[in-house]
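Quick notes on the structure that follows.
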Amino acid sequence: MRIRTAVVVSTVSLLAAVGTLVVAGSASAASTLGASAAQSGRYFGTAVASGRLGDSAYTTLLDREFNQVTPENEMKIDATEPQRGQFSYGNADRIVQHAASHGIKVRGHTLAWHSQQPGWMQSLSGSTLRSAILNHVTQVATHFRGQVTWWDVVNEAYADGSSGARRDSNLQRTGNDWIEAAFRAADAADPNALLCYNDYNIDNWNDAKTQAVYRMVQDFKSRGVPIDCVGLQSHFTGGSNYPSNYRTTLSSFAALGVDVHITELDIRNAPTSAYSSVVNDCLAVSRCKVITVWGIRDSDSWRSGESPLLFDGSGNKKAAYNAVLTALNNGNPGGGDPTTPPPTGNPTTPPPSSGGCTASVTPGTVWGDRYNTSVTVSGASTWAVVVAITPPQKISTIWNGSASWDSSGNVMTMRSNGSGNTFGFTTMMNGNSGARPQIRSCTAG
């Protein structure tokens, strides 16, 4: 498989596209969402409807605040291929052209989905449907080749609930490999775009649906299926279903070697704490590259009665807007530099091994009060790794493994849990910034 072109965010292009950025050593801060996100090489976007592009109040906010857009409905199957083999791109083209003229990146949404299919597609099944959906993916991705930075290739293919199963859709009934086939078709049609899987209710790391999507991405990466990113829609009903392990979910997907995007964010009544937490969680994960709210003003939202966005119906900034902007300008939740070197110690020193496996440490992001560590196990598919922490440091979060502790609380045994051979954890410094975790042993089985 050829090497995919990465998205590179240059300071010069972002300055031109989104306005003032923080200059190192300056007390000034970016004054818009897109500019503040660009400080850390990220995008802050919004869903856009072509029918609102004639509203000057709407486009003023769009062009001022955002450096990424997602067509709300204009690229979906019923809009782009209303009759089989007859494609219609007018409204989607309008959004893409508006974005290009203002230096705004475009997310294509979505190429293959069980919903919003035109009647002709709903009437098909089996190999006929398989051929039709792959032709649709090819034709639409080819039309927008070079104009779309990311594609939501497949949308919402997994079922809710505890089964962890695929959704029983007409596309799924064409064969379990239909998602892979769609990604390969998109890759062939638009080889420089970044290809994403997008879904809702995959925010909580403990949910069966989240784990099922994780296993799919893990499988795709292991077999060379072209996938570059995972989108978490993150439609939250207030603070109540913003999960405390949301950051773990982001970092766990990122550890697979894909970018993570928050693609359709809206939160009932727009609580400042939940919005700030989502932004800070993204900033804490270096591969979390995009945050997109699903609409600009509350009146533009599909949940308009819940006031879930950052601007009210009149286009005024809400308290949540200020909270998000502050979080973005702070750069990360700990207030430190995400490029700060890890705590002292030689990360290339080979850790001890025993029992037929080896555990290798890779330092992760560092903040003012905590830091991440990634550990990769080789030589065994099931394992137990013993990690020692120097007091008063404490491990606060783990991912991709099952942990137990000794009586002191300073020695953790991490065991494989089917999530692969790389696990990680966040360590709270608690005033000791010089120490780092030590691998004591790795035992196979």
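Considering only protein heavy atoms and a 1.4 Å probe, what is the carbon-and-sulfur percentage of the accessible area of the chain?
Numbers: 8280 of 16930 Å².
The nonpolar share, carbon plus sulfur, comes to 49 percent.
Take every Cα-Cα pair in the stretch 358-444 and report what % of them are more than 16 Å apart. Mind showing how you got there, number by number?
On the way: 1759 of 3741 pairs.
Everything past 16 Å amounts to 47 percent.
Step through the residues of the stretch 293-299 one at a time and calculate ³J(HN,Hα) from phi using the Karplus curve (6.51 cos²θ - 1.76 cosθ + 1.60, θ = phi - 60°), rounding each to whole Hz and writing x for Gly and Pro.
With the stated coefficients, the stretch 293-299 comes to 8, 8, x, 9, 9, 3, 5 Hz.
With both partners inside the stretch 33-330, how many of the DSSP beta bridges are antiparallel, as a percent to the nearest 5? Provide the component values of the computation, followed by the final result.
Working: 3 of 38 bridges.
Here the antiparallel bridges make up roughly 10 percent for the stretch 33-330.
222 nm [θ] for the chain, helices only, -39500 (n - 2.57) per DSSP H run of 4+, per residue, to 500? Display every interim value, and only then the final one.
Numbers: 12 runs with 123 residues, N = 445.
The helix-only estimate for the chain comes to -8000 deg cm²/dmol at 222 nm.
Give a quick list of trypsin sites (Lys or Arg not before Pro) in the stretch 356-419 that DSSP marks as loop, anything other than H, G, I, E or B, with at most 12 other Cβ atoms within 10 Å.
Those that pass, being in a loop and sparsely packed, number zero.
Pop out the ³J(HN,Hα) list for the stretch 423-432 in order, Karplus 6.51 cos²θ - 1.76 cosθ + 1.60 with θ = phi - 60°, rounded to Hz; leave Gly and Pro as x.
10, x, 7, 9, 10, 7, 5, 6, x, 10
How many Å² of accessible area per residue for the chain, probe 1.4 Å? Display every interim value, and only then the final one.
On the way: 16930 Å² over 445 residues.
Solvent-accessible surface per residue comes out at 38 Å².
Student exercise: in the chain, how many lysine pairs 8 or more apart or on different chains have Cα atoms under 19 Å apart? All intermediate terms of the calculation are to be shown ahead of the outcome.
Numbers: Lys76/Lys105; Lys105/Lys289; Lys209/Lys221; Lys221/Lys289.
The result is 4.
The values are calculated or read from the model by the stated rules, or taken from the named source; none is laboratory data. For clarity, every value in this text was computed on a predicted model and none was experimentally measured. We place every Cβ from the backbone using ideal geometry, glycine too, and count neighbours over all the protein chains shown. Note: areas computed on protein heavy atoms with side chains; ligands, DNA, RNA excluded. Shrake-Rupley method; radii C 1.70, N 1.55, O 1.52, S 1.80 Å.
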